[in-house]
Amino acid sequence: YEYEKILELSPGNKEALEAITNIEIRSGNYENSLAFVNRALISNPNDYEMLLRKVGLLEELKRYPEAIELSQKMMSLFPGDAKIRTINNELRMAAGRYYMGTDPYIQFQSVLERNPSNRDALNYVISLSFQRGLY
């Protein structure tokens with residue numbers, strides 16, 4: 001509560017944002033933590049620590065495409081940082097394991113069943129069918 005008061009007076013206060021983020025993480029509120037990290041990144045979009053924290057939160061939330069995209073952005077911002085390269089590789093492995101059990105053909109087919117006019121899903125189903133020899 002006190003940290004929120006501080007943020008009302010000084011929205012860019014890094015210490016208060018970090019403290020609230022840590023409290024939210026400890027309580028398991030990753031979405032709220034992510035909101036506070038995004039708020040901190042408004043005033044300093046290339047803050048190394050906040051970007052790392054955001055990548056970690058996105059990973060916890062299983063939002064792998066966003067986390068990978070952010071880690072790639074960080075690799076361009078901090079090209080010599082081995083930690084970021086390692087994180088990027090670990091994210092790709094985690095995403096691969098997470099999505100390994102899902103067949104994209106079945107996923108797109110289920111979208112078509114619910115929404116037959118979805119052109120993107122139809123294109124993916126046709127493409128995957130050709131790749132699998134299902135003419």
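Only lysine pairs 8 or more places apart or on separate chains count here, and in the chain those with Cα atoms under 15 Å apart total 6. Between the listed residues Phe36, Tyr98, Ser129, the Cα displaced farthest toward the positive end of the dipole of the chain, a dipole computed from Cβ unit charges relative to the Cα centre, is found at Ser129.
On full extension, the segment bounded by Lys62 and Asn89 gains 8.2 nm, given 0.36 nm per residue less the C-alpha separation.
Only sites in a loop by DSSP and with at most 15 other Cβ atoms within 10 Å count here; which trypsin sites (Lys or Arg not before Pro) in region 94-135 make the cut?
On the way: sites: Arg97, Arg114, Arg119, Arg132; in loops: Arg132.
Within region 94-135, the qualifying trypsin sites (Lys or Arg not before Pro) (loop, at most 15 other Cβ atoms within 10 Å) are Arg132.
A simple spin-label model places the labels of Glu31 and Asp47 2.3 nm from each other, with each point 7 Å out along Cα-to-Cβ.
List the trypsin sites (Lys or Arg not before Pro) within region 5-83 that DSSP assigns to loop and that have no more than 14 neighbouring Cβ atoms inside 10 Å. It would help to have the intermediate numbers written out before the result.
Details: sites: Lys5, Lys14, Arg26, Arg39, Arg53, Lys54, Lys62, Arg63, Lys73, Lys83; in loops: Lys62, Arg63.
The qualifying sites are Lys62.
The distance between label points at Asp103 and Arg39 comes to 4.6 nm (points 7 Å beyond Cα on the Cα→Cβ vector).
How much length is gained if the chain between Ile6 and Arg119 is pulled fully straight, taking 0.36 nm per residue apart and subtracting their Cα-Cα distance, in nm to one decimal? Don't jump to the answer; show the numbers that get you there.
On the way: separation 113, 0.36 × 113 = 40.68 nm, distance 4.93 nm.
Roughly 35.8 nm would be gained on extension.
Express in nm, to one decimal, how much length is gained between Ile126 and Glu15 on full extension, taking 0.36 nm for each residue of separation and deducting their alpha carbon distance. Intermediate values should be presented prior to the final figure.
Working: separation 111, 0.36 × 111 = 39.96 nm, distance 5.21 nm.
So the chain would gain 34.8 nm between Ile126 and Glu15.
Carbon and sulfur atoms: what percent of the 1.4 Å accessible area of the chain do they account for? Mind showing how you got there, number by number?
Working: 4740 of 8950 Å².
Summing carbon and sulfur atoms, their accessible area is 53 percent of the total for the chain.
Dipole magnitude for the chain: computed about the Cα centre from +1 point charges on Lys and Arg Cβ and -1 point charges on Asp and Glu Cβ, it is near 500 debye.
The values are calculated or read from the model by the stated rules, or taken from the named source; none is laboratory data. The shown structure was predicted, so the numbers you read here are calculated from the model rather than taken from an experiment. Ideal geometry is used to build each Cβ from the backbone, glycine not excepted, and the neighbour counts take in all protein chains shown. Surface accessibility is based on the protein's heavy atoms, side chains included, excluding ligands, DNA and RNA. Shrake-Rupley method; radii C 1.70, N 1.55, O 1.52, S 1.80 Å.
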